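So the structure is just underneath, and the comments pick up after that.
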Number of protein chains: 2
Amino acid sequence: MTAARQKPATIRDVARAAGVSVGTVSRTVNAPETVRAATLERVRATIAALGFRPDARAQSMRRRNTLTIGFIINDISNPLHAMLFKAAEIDLRERGYSLHLVNTAGNAKREAEAIETMQHGRVDGIIMTINNEQDRRCLDRLQSLRVPSVLLDREIKLDIDAVFTDHAAGMEQATDYLIGLGHRRIGIVTFGPEILPGRERIRGFEQAFLRRGLEVPHDLIRGHGPGADFGFRDASALLQGPDPPTALIAGGNQLLVGALRAIQQERLDIPAQLSVVTCDRTDLSALYPGPLAVIVRDLDEMGRTAAQLLLERIAGGASMPVRRIRLPTTFVLGRSCAPPRASVATHAAELTRLA
Amino acid sequence: MTAARQKPATIRDVARAAGVSVGTVSRTVNAPETVRAATLERVRATIAALGFRPDARAQSMRRRNTLTIGFIINDISNPLHAMLFKAAEIDLRERGYSLHLVNTAGNAKREAEAIETMQHGRVDGIIMTINNEQDRRCLDRLQSLRVPSVLLDREIKLDIDAVFTDHAAGMEQATDYLIGLGHRRIGIVTFGPEILPGRERIRGFEQAFLRRGLEVPHDLIRGHGPGADFGFRDASALLQGPDPPTALIAGGNQLLVGALRAIQQERLDIPAQLSVVTCDRTDLSALYPGPLAVIVRDLDEMGRTAAQLLLERIAGGASMPVRRIRLPTTFVLGRSCAPPRASVATHAAELTRLA
DNA sequence: TCGATTTATGATAACGTTTCCAAAGATAGC
DNA sequence: GCTATCTTTGGAAACGTTATCATAAATCGA
C-alpha cells in the first residue's frame, strides 16, 4: 500500500508487447484453439509477464452480461437466510457468477431501491425475498422487471418464478401431532398474514383442527412480523392469558428466541408444563433445553433450486412458462412435547365424575 | 415473464427522441445545472417516457469505478460475520456502493480465487477476513493487490489497513475474573493459533495466570479451528480428562455450540458444577441456560470502522499511511459463573488437615 | 510447384457512457 | 445594433473489450 499501484495492463498493451493484434490476444484468452501454437505461447507469456487480466467492465459491456446475480434478502444475520445464500452461491459460482447481496431489513424502500439499482446492467438475474408484497413501490418495480428473477418463499400475483416451502402442510402435521397428544389449547406465534409463510402456517394450523372436527383456538393465534421482540410479546401475552395454552408453536426462528425468553420468564418447564414446537433447526432449538420438536425444511435444497430456476430462466428467456416449486417439510420430534397436564387432570376429573 | 422483455433504452434513444445530443442527455442526468431549464424539462420527460436509466457497465467503464465493494468472509451464516456485513453495508450504501459477497468457508482456494476475481474491474475495494494467512496463493494475491482493502480481525505482515478486536485484553479480563472466583483449572477451547483471534485469545488467557504469578494450565488449552464439532470434541476431551476444569471458556460462538453439547452430555450443571464464559453474544449464549458470561465486542462498530477505513483509502489513494485500528471488548457477567466446588472441597480438606 | 482450401491473423466497428473542445446561442454593455 | 462575454449545446474521442469480416499465411493434393 506504500507503493503506488500501477494501472493494470490492457489488451492493447499485451498486443503491442507480443507483436500481435488485440484480436489475437482476445482469442488467446477466449478461444485458444483458434490460435497457432507458437503465437499462443508467445501471447500467453506476455500476458503472464504483464499480469494482464481482462477488465470485467469492458467484458460485460461487450458481452451484454455481468456474470453477477443479485440476492435480496430480509436479514442476512438470520442463519436460515444465510443458508439460502450459501447454497445458491455454490451452484452459481460453479457457473461463473458472483453474488451481489442486499440486506433490506424488511424495509420497503430499500427493497424497491435494491430492485431498481439492479435493473440496469448490474446483474444478470435476481433471487429475492420481498417482504412488502403489497407495497406499491415494490410491486411497480417487480412488474417492470427487466431481469430474470426468482422469488424465495413469496408468492406474488405476477409472472415470476418462485420456490417456496409447503409451510401449511408442515404446520398441519405438527399441530396434528400436538392434538394427538391431547392438546387442545395450542398457541402459535408466527409472521403476519401479509407474507406467505405467515399466511400458510396459520392456515395449516387451523386446518389441523378442522380436519379433526375440532374448534380452532382463534384466541391463541398471533401473527405479527418476525423478530424476537414480537415472539416475546406475543408468547408472553398467550402464556399470561386467562386460559393459557398447554402447547406453543413458534413459527419462525427469531420468534422462538423471544418465545423462549417468555417461557423462561414464566418459569415454565418444557415439556412438563408446556410443549414446544418450532420451525427450522437452529443452534438454540437443538440445545435448549434439549432438542426441541421442529418443522424442518431443506434450505440447502431451496437455495439450490432457486439457483437452478434462475439459471434456466437466464438461458431460456422470458418465453419459458413460469415455474412455481413447492418443497416439503419434515417434522422432527425432539424432547419438547408431552401430553398436557391439564388434559390429564381433566381426564381424571371426568373419570371421577363418571365413577 | 410471459411477454418478452424489450431491450432497455439507451442514452442515444433518449437523445434522438428529445432532439438533442447524447451529451445533453448525459448532462441532464449528471449535471442538470449546466442545462437550460426548457431543455432539461424536455429531456427529463423523454427519459421518464422511455424509462431510461444509464447502463451501469458503460458508466463504470468510462468513470473507471464500479461503485461496488467486495466482501470476503468465512461463513456468512455465522450471525457475527453477518453483523459485520450489515454494518458495513449501511455505511457503504449511503455512499452509493453495493456489496459483492463471497463466502469462502475458510477454504484457501476460494479465498485466493475471490481476491483474484475481484481485482480487475469488479470492485472498487475489498473488506475481507482471510483465514489462510500463510497460504501462498492467498499471500501472493494479497501482495499484488490492485484494489484498496481492509482486513477484518486479521493481521498480515503486509501493508494493508486493518481493524481488529483486542481479543487478548478481553480474554485476560474474563480469565482473571474466573481466577478471582477461585478457579485454577480453567479450560479454553478456541481457534487455532494460525489466525489472529485464536493466537490472541490464548495469549490473553495465559497472561491472566502469569500476571498473578500462577502457573498456566497448558493442558487445558485447546486451539483448533472454528466450528461446533471442534468445540464438542475439545470440550468433551477436557471434561472427561483426569483432572477436569472447573471453568470453561468457549472462545468462538460456534465452539460454544459444541461445548454446550459436550456439557449437556456430561450432565454438568452451569454454574454449580462448571462455570462457563463465552465470546460474543448470540441467541444461545443469551438464553442457555440463562444468560452466560460473555466477552462482548461491538461488531457494528467494527463493520462501520472497516467501511470508513476503506472509503478513506479509496479517496486517499495508496500513499496514505497504513492504519491498524484495535477495538476494545467488554466483559458482561451472566449467571454462568460461580466459585469452584472443588476449590471449596480442597479448601475444606486443607483446613481439616491443618486442624 | 501451383492453385485450391483451410487456418490464422489484423483491422475495425460496435457496446453505452462521459468528457473534452469547439461552435453556436443567448445575454449584456455600450 | 454591434461586439464581448457567458451559457448552452453538439460532435467526437475515449474507456477496454469482443466479434465480424476480409486478407494473409499455412496446408494440402495433384
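The values are calculated or read from the model by the stated rules, or taken from the named source; none is laboratory data. Owing to the predicted nature of the structure, the values given are computational and were not obtained by experimental measurement. Every residue, glycine among them, receives a Cβ derived from its backbone with ideal geometry; neighbour counts consider all protein chains shown.
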B:PHE205 meets each of (1) away from chain A (no Cβ under 14 Å); (2) in a helix (DSSP H, G or I); (3) at pLDDT below 95 with one exception, condition (3)
Scanning the range B:264-306 residue by residue, those in a helix (DSSP H, G or I) and modelled with pLDDT of 95 or more turn out to be B:LEU299, B:ASP300, B:GLU301, B:MET302, B:GLY303, B:ARG304, B:THR305, B:ALA306
Condition test on A:LEU84, is it more than 30 Å from A:VAL25 (Cα to Cα) and touching a strand residue (DSSP E or B) at 6+ places or on another chain (Cβ under 9 Å)?
yes
If we ask which residues in the range A:217-254 are more than 14 Å from chain B (Cβ to nearest Cβ) and either farther than 22 Å from A:LEU299 by Cβ or in contact with a helix residue (DSSP H, G or I) (Cβ under 7 Å, 6 or more places away or on another chain) (or both), their number turns out to be 26
Screening A:GLU200, A:GLU172, A:GLU194 for residues that are of a type in the set (Asp, Glu) and either modelled with pLDDT under 95 or closer than 20 Å to A:GLY241 by Cα (or both) leaves only A:GLU194
**OP:** Output yes when any residue across the range A:182-198 is among the aliphatic types (A, V, I, L, M) and in a loop (DSSP other than H, G, I, E, B), and no when none is.
**Re:** yes
Do we have A:THR117 as at pLDDT below 95, touching an Asp or Glu at 6+ places or on another chain (Cβ under 7 Å) and more than 16 Å from DNA strand D (Cβ to nearest atom) here?
no
Only one of (1) over 29 Å from the mean Cα position of the chain (by Cα); (2) buried (at least 22 other Cβ atoms within 10 Å of the Cβ) does not apply to B:LEU260, and that is (1)
Counting only residues in the range B:1-59 that are near DNA strand C (Cβ under 9 Å from one of its atoms) and touching a residue at least 40 places away in the same chain (Cβ under 8 Å), the one nearest to A:ALA318 (Cα to Cα) is identified as B:PRO8
Review point. Could we say that B:ILE126 is buried (at least 23 other Cβ atoms within 10 Å of the Cβ) and either small (Gly, Ala, Ser) or in contact with a Gly (Cβ under 7 Å, 6 or more places away or on another chain) (or both) here?
Key: yes
Of the candidates B:ALA105, B:ALA58, the one satisfying the condition of being hydrophobic (A, V, I, L, M, F, W, C), facing chain A (nearest Cβ under 10 Å), surrounded by fewer than 18 Cβ atoms within 10 Å (Cβ to Cβ) and at positive phi is B:ALA105
Scanning the range A:61-79 residue by residue, the ones that are surrounded by 19 or more Cβ atoms within 10 Å (Cβ to Cβ), facing chain B (nearest Cβ under 10 Å) and not β-branched (Val, Ile, Thr) total 7
Taking the range A:87-102 and keeping residues within 9 Å of another protein chain (Cβ to nearest Cβ) and touching a strand residue (DSSP E or B) at 6+ places or on another chain (Cβ under 6 Å) leaves A:GLU89, A:SER98, A:LEU99, A:HIS100, A:LEU101, A:VAL102
Among A:ILE69, A:ILE90, the single one that is out of contact with any Phe, Trp or Tyr (no Cβ under 9 Å at 6 or more places or on another chain) and more than 16 Å from DNA strand C (Cβ to nearest atom) is A:ILE90
